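Remarks on the structure that follows.
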Amino acid sequence: MAIKKVVLLGSTGSIGTSTLKVAQGVPEEMELVALAAHSSVAKLAEQVAETGVKHVAIYDQSKEAELRSLVADDVAVYSGPEGLLTLSRLAEADMVLVAIVGTAGLHPALAAIEAGKDLAVASKEILVMAGEIVMKAASDAGVNVLPVDSEHNAIFQCLDGHRGGPEEVSRLILTASGGPFRNLPAEKLKEVTLAQALKHPTWEMGRKITIDSSTLFNKGLEMIEARWLFGIEMDRIDVIVHPQSIIHSMVEFVDNSVLAQLSTTDMCFPIQYAITWPARVAGGLKPLNFAELAKLEFEQPRYDDFPALNLARRAGNEGGTLPAVYNAANEIAVDAFCDGRIGYTEIWGTVIKVMDAHVVQPADSLDVLIEADAWARSQAEAEIVTFQQNS
């Protein structure tokens, strides 16, 4: 297999740092050619020196000069949204891995597809907000969209090599750890603090995704993402709580056979498979020891106490601009909770109010989706002010 040359957008986050570990573990299969980060200049400069890349971008344009001063003279430095687009179109790259939190990765993802690059997606928002547009663009360009999320990567592995189409799939079953509050009584959820919400039981992740995992919004976003990645309607996408996080997701076929993908809880597994696919390579990742697995548990999600899943199903079924609104309102609500402006249960309270106020439009252009995203953010801020006034 020829070495795969990869552009990594979001290199200083949790997915980005795991991707650097993968690159160190499989140097014969993968070479990083460019890195980008939002604003962590010092860490980004260290990564440039460590990897030897010759192209780097910082999204925060005010830090471009500082970055230039920290990297070697032969490293090309870019900044802002245009910098991300430049890296996404690099002639020497085979793949662009987008690990940027939020919607900032959408334009770079489409730029990569238009430039004929395979796209590895770690940013849920790209497919939640514009899944129909992104998947059509990839199909038209003849490039692959490869999932990096552990759950979608697991489904991708279960479906890989399956000769039948979506009609032979009965259900996609996304597993969820249940987060830190899966056994907390509903009446106690209002008292949840930021520190408590940031203590995930199995995964080490960034702040936004950790909060989303505790509310199950992360799983709701994954439901919508799966709908577009695999061409399966929302009614055939289910969630099961699996606290051990050993089974990363499953596919149930129409004959009621179920295929599951298992591995230890390490994001390097799905990252490595997305990059080296269709090959499997040894990379020094820890194997499962079945004798040490005491038990594998499963339980239904608490749909009424954690409304994110039902809201996601509603957004995915109605389609159009509603998934973008679901995502944007949640982003604003999570920021407000982290800033101490609203309580924990008001995260989904905000999303419900914004979704109820939205007039759904067809998702027939990127401009329409961006407008819906902006509207939802503004509306969410207004709802948060109302929550504050009533508290």
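The values are calculated or read from the model by the stated rules, or taken from the named source; none is laboratory data. Bear in mind that the values here come from a model prediction, so they are computed numbers and not experimental data. Neighbour counts are summed over all protein chains in view; Cβ atoms, including those assigned to glycine, are modelled from backbone coordinates with ideal geometry. Surface accessibility is based on the protein's heavy atoms, side chains included, excluding ligands, DNA and RNA. Shrake-Rupley method; radii C 1.70, N 1.55, O 1.52, S 1.80 Å.
Confirm whether ALA122 is touching an Asp or Glu at 6+ places or on another chain (Cβ under 9 Å) and either touching a residue at least 40 places away in the same chain (Cβ under 8 Å) or farther than 22 Å from TRP277 by Cβ (or both). So ALA122 fits the description; yes. Being out of contact with any strand residue (DSSP E or B) (no Cβ under 6 Å at 6 or more places or on another chain) and under 27 Å from ALA376 (Cβ atoms) holds for only one residue in SER39, SER69, SER88, SER18, and it is SER39. Scanning segment 292-310 for residues that are assigned to a helix (DSSP H, G or I) and buried (at least 18 other Cβ atoms within 10 Å of the Cβ) turns up at least one hit. Considering segment 90-133, the residues that are open to solvent by 20 Å² or more (accessible area, probe 1.4 Å) and of a type in the set (Asp, Glu) include one that is nearest to ALA329 (Cα to Cα), namely GLU132. Just one of the listed residues (ASN327, ASN317) is closer than 26 Å to ILE240 by Cβ, open to solvent by 10 Å² or more (accessible area, probe 1.4 Å), of a type in the set (S, T, N, Q) and not in a loop (DSSP other than H, G, I, E, B), and it is ASN317.
Residues of segment 258-274 that are in contact with a strand residue (DSSP E or B) (Cβ under 9 Å, 6 or more places away or on another chain), farther than 16 Å from ALA176 by Cβ and open to solvent by 30 Å² or more (accessible area, probe 1.4 Å): VAL258, LEU259, PHE269. Within segment 23-50, if we keep just the residues that are within 21 Å of ALA282 (Cβ to Cβ) and over 22 Å from the mean Cα position of the chain (by Cα), the residue that is surrounded by the most Cβ atoms within 10 Å (Cβ to Cβ) turns out to be VAL26.
Residue-by-condition table, conditions (1) among the polar types (S, T, N, Q); (2) in contact (Cβ under 8 Å) with a residue 40 or more places away in the chain; (3) more than 24 Å from PRO270 (Cα to Cα):
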| position | (1), (2), (3) |
| --- | --- |
| GLN47 | yes, no, no |
| LYS54 | no, no, yes |
| SER79 | yes, no, yes |
| GLY116 | no, no, no |
| ALA130 | no, yes, no |
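Only one of THR86, THR12, THR51, THR19 is modelled with pLDDT of 95 or more and in contact with a Lys or Arg (Cβ under 7 Å, 6 or more places away or on another chain). Can you tell me which? Only one candidate passes the filter, namely THR12. Open to solvent by 10 Å² or more (accessible area, probe 1.4 Å) and either assigned to a helix (DSSP H, G or I) or closer than 17 Å to GLY206 by Cα (or both): does that describe GLU66? So GLU66 fits the description; yes.
Pick from segment 10-22 the residues that are over 13 Å from the mean Cα position of the chain (by Cα) and outside any helix (DSSP H, G or I): which of them is nearest to SER40 (Cα to Cα)? Spell out the reasoning first.
Filtering segment 10-22 for residues over 13 Å from the mean Cα position of the chain (by Cα) gives 11-12, 17-22.
Now restrict to residues that are outside any helix (DSSP H, G or I): 11-12.
On the way: SER11: 10, THR12: 7 Å.
Going through the qualifying residues, I end up with THR12.
From the list ALA176, ALA197, ALA154, ALA186, the one residue that fits, being in contact with a Phe, Trp or Tyr (Cβ under 7 Å, 6 or more places away or on another chain) and either within 28 Å of GLU346 (Cα to Cα) or among the aliphatic types (A, V, I, L, M) (or both), is ALA197. Residue count for segment 356-365, restricted to those that are open to solvent by 60 Å² or more (accessible area, probe 1.4 Å), of a type outside the set (A, V, I, L, M, F, W, C), within 20 Å of ASN330 (Cβ to Cβ) and part of a loop (DSSP other than H, G, I, E, B): 1. Among the residues of segment 72-89, write down those that are farther than 29 Å from ALA2 by Cα and surrounded by 17 or more Cβ atoms within 10 Å (Cβ to Cβ). SER79 - this is the single residue of segment 72-89 that is farther than 29 Å from ALA2 by Cα and surrounded by 17 or more Cβ atoms within 10 Å (Cβ to Cβ).
Could you identify the single residue in GLN389, GLN379 that is farther than 24 Å from LEU106 by Cα and either part of a helix (DSSP H, G or I) or among the polar types (S, T, N, Q) (or both)?
Values: GLN379 fails: farther than 24 Å from LEU106 by Cα.
Criteria check complete, one pass: GLN389.
Table: residues versus (1) surrounded by fewer than 15 Cβ atoms within 10 Å (Cβ to Cβ); (2) at pLDDT below 95; (3) within 25 Å of LEU9 (Cβ to Cβ).
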residue: GLU151; (1), (2), (3): no, no, yes
residue: LYS199; (1), (2), (3): yes, yes, no
residue: THR215; (1), (2), (3): no, no, no
residue: LYS219; (1), (2), (3): no, no, yes
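Here segment 97-114 is the region considered, the condition is being without any contact (Cβ under 8 Å) to a residue 40 or more places away in the chain and among the aliphatic types (A, V, I, L, M), and the residue that is farthest from ASP373 (Cα to Cα) is ILE113.
Given the structure, is VAL368 over 23 Å from the mean Cα position of the chain (by Cα), more than 19 Å from THR210 (Cβ to Cβ), aliphatic (A, V, I, L, M) and open to solvent by 20 Å² or more (accessible area, probe 1.4 Å)? First the steps, then the outcome.
Details: over 23 Å from the mean Cα position of the chain (by Cα): no; more than 19 Å from THR210 (Cβ to Cβ): yes; aliphatic (A, V, I, L, M): yes; open to solvent by 20 Å² or more (accessible area, probe 1.4 Å): yes.
No, not satisfied.
Among the residues of segment 185-197, the ones that are in contact with a helix residue (DSSP H, G or I) (Cβ under 9 Å, 6 or more places away or on another chain) and crowded, with 16+ Cβ neighbours inside 10 Å come to 2 in all.
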